[in-house]
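One structure below.
The values are calculated or read from the model by the stated rules, or taken from the named source; none is laboratory data. Every value quoted in this text rests on a predicted model; they were computed, and no experiment measured them. Cβ placement follows ideal geometry from the backbone for every residue including glycine, while neighbour counts extend to all protein chains displayed.
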Amino acid sequence: MVAEEAELEVTGQSPFAGSANGRGDREVVQLEDRRRPVSGKGLSHQVSDDLLVRIGSGEFAPGDKLPGDVELMEEYGVGRNTIREAIRGLVALRVVDVRPRRGSMVLAAVPDLRLPMEVASALVSEKMTDDLYEMRLILETEAAARAAGRRDPAEIAAIRRHHERYERVMRTGEPPWTADLDFHSAIARASGNSVLPLMLEGARDLLARDRYANSVLAADTMHRVFDEHDAILLAIEGGRRRDARKLMSEHIARVGQSFREHRANRDHRGPADPQL
């Protein structure tokens with residue numbers, strides 16, 4: 001049982017039950033009245049889904065500050081880690097910006113926020129997704145090799161921080177897709193090429209949407225990705241350029257194939273399949 005499930009068992013609350021703050025009957029809090037939780041879909045994923053709908057509906061306008069962690073914990077009946085991971089997801093989608101001592105601020109409204117993220121992701125063609133992974137093969141393999149050649153201590157420390165966060169999130173049972181994106185972004189920055197991170201950042205929105213909608217992955221897949229990240233990090237730390245390039249190439253190829261297979265299975269089963 002993951003930590004968040006244990007927490008809910010102790011409190012006896014539904015993960016999206018109304019809180020005792022008097023707002024429990026608000027429509028925006030009653031997720032089950034508007035979107036039934038999907039089997040296998042993580043709590044942070046569901047919280048970020050609901051926050052997206054609330055932002056898209058105008059409840060939180062551009063420039064507004066989202067409620068703090070404690071208030072969101074009360075509204076959704078989940079733990080702090082779940083709320084923070086949900087906010088990280090919104091940051092990755094460029095919907096929210098988090099600043100020290102200012103909290104989470106809503107950025108400019110995005111027209112398709114009224115759509116569930118699964119629908120928005122489906123609007124991205126399969127060819128575009130394939131092209132995205134092909135671009136990553138071209139750019140990120142060299143980024144890993146250059147990072148290994150430079151071996152900048154501060155940059156390597158940043159890569160390791162995201163790697164360790166991936167592990168922490170993975171162990172809760174939540175999809176660690178934002179930590180995954182941050183891991184790869186850190187490697188791009190560690191390459192020392194100022195343009196390369198910008199090029200990859202330009203594709204981050206597409207990658208984030210694809211990861212978000214396809215983040216229901218088996219535990220063995222998440223662990224395999226972690227192990228591959230670990231090998232890449234060790235190669236970079238050891239200054240092994242050739243190994244870093246080869247390991248990154250194999251990793252991106254395998255991940256791309258996994259997402260293609262997952263997407264094909266999802267489309268074959270259809271939206272009513274209880275396993276999605």
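For Asp243, are the conditions met, namely being surrounded by fewer than 22 Cβ atoms within 10 Å (Cβ to Cβ), at pLDDT 95 or above and within 28 Å of Arg80 (Cα to Cα)? Taking the combined requirement at face value, the residue does not satisfy it. Candidates Ala264, Ala186: the one that is of a type in the set (A, V, I, L, M, F, W, C), modelled with pLDDT under 90 and assigned by TED's automatic domain parsing to the domain that holds Ala143 is Ala264. If you go through region 81-106 and keep only what is exposed (fewer than 13 other Cβ atoms within 10 Å of the Cβ) and either touching a Cys at 6+ places or on another chain (Cβ under 6 Å) or not in a loop (DSSP other than H, G, I, E, B) (or both), you end up with just Arg99.
Cβ-Cβ distances below 8 Å connect the following pairs, each with a first residue in region 177-205 that is closer than 17 Å to Arg94 by Cα, a second residue that is hydroxyl-bearing (Ser, Thr, Tyr) and part of a helix (DSSP H, G or I), and a separation of six or more residues or different chains: Trp177/Tyr212; Ala179/Tyr166; Asp180/Tyr166; Pro197/Ser185; Leu200/Ser185; Glu201/Ser185; Arg204/Ser185. Ile159 falls short of the stated requirement of being surrounded by fewer than 17 Cβ atoms within 10 Å (Cβ to Cβ), in the same structural domain as Val225 (by TED's automatic domain parsing) and out of contact with any Asp or Glu (no Cβ under 7 Å at 6 or more places or on another chain). The set of residues in region 173-197 that are part of a loop (DSSP other than H, G, I, E, B), of a type in the set (Gly, Ala, Ser) and within 15 Å of the chain's Cα centre (by Cα) contains only Gly173. Exactly one residue out of Asp69, Asp49, Asp25, Asp33 is at pLDDT 85 or above, of a type in the set (D, E, K, R) and not assigned by TED's automatic domain parsing to the domain that holds Arg260: that is Asp69. One residue stands out among those in region 64-78 that are within 16 Å of Arg102 (Cβ to Cβ) and assigned to a loop (DSSP other than H, G, I, E, B): the one that is farthest from the chain's Cα centre (by Cα), which is Asp64.
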